[in-house]
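A short worksheet on the structure shown next.
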């Protein structure tokens, strides 16, 4: 019995960023379970939809993405999110402070709290405790915003690991 696997040949964000061609063996491996690749792209689209109402602003979400990928030493993704931030009009002084991890120098206390929480969950998730959540509430974040923030950081952690794995496979010529 012969079976064929059909999967999407349209490059998604990770395919494009990592240079995974639709006709490559790595693309075939990644899209063997196409529903996973589609769900990954769907999450990307949802988290960075400018129309996402009653939640973190697009700018705040992009700052989280940039900082999380910067802390995770994933230059391809941090470069992508930096480009998105610059398109959205990121201020140079804020970027300089974020690049240097001088979060406490940010003039916007809400953004500073969001990025401190991001750093906590990326570097030491066990410390994302009640006091970390209360710091967000103290800056006016609603429960819904805090939930989305935590989900976004979890997605970014997944995206970083997926990109690293795909890069490793590509570099090894394994796929």
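The values are calculated or read from the model by the stated rules, or taken from the named source; none is laboratory data. What you see is a predicted model; the values in this text were computed from it and never measured. No Cβ is skipped: glycine too gets one built from the backbone with ideal geometry, and neighbour counts run over all protein chains shown.
When 71, 52 are checked against the criterion of being at pLDDT 95 or above and out of contact with any strand residue (DSSP E or B) (no Cβ under 8 Å at 6 or more places or on another chain), a single residue qualifies: 71. Against the test of being out of contact with any strand residue (DSSP E or B) (no Cβ under 9 Å at 6 or more places or on another chain), loosely packed, with under 15 Cβ neighbours inside 10 Å and closer than 16 Å to residue 150 by Cα, the options 62, 46, 58 yield a single qualifying residue, 46. Taken together, the residues in the range 103-119 that are part of a loop (DSSP other than H, G, I, E, B) and crowded, with 17+ Cβ neighbours inside 10 Å amount to 1.
None of 108, 99 is over 19 Å from the mean Cα position of the chain (by Cα) and modelled with pLDDT of 95 or more except 108.
Criterion applied to 100, 90 was being loosely packed, with under 13 Cβ neighbours inside 10 Å, more than 21 Å from residue 15 (Cβ to Cβ) and out of contact with any strand residue (DSSP E or B) (no Cβ under 7 Å at 6 or more places or on another chain), and the one residue passing it is 100. The condition of being without any contact (Cβ under 8 Å) to a residue 24 or more places away in the chain and either surrounded by fewer than 17 Cβ atoms within 10 Å (Cβ to Cβ) or part of a helix (DSSP H, G or I) (or both) does not hold for residue 68. Across the range 11-39, the number of residues qualifying as surrounded by 13 or more Cβ atoms within 10 Å (Cβ to Cβ) and assigned to a helix (DSSP H, G or I) comes to 14.
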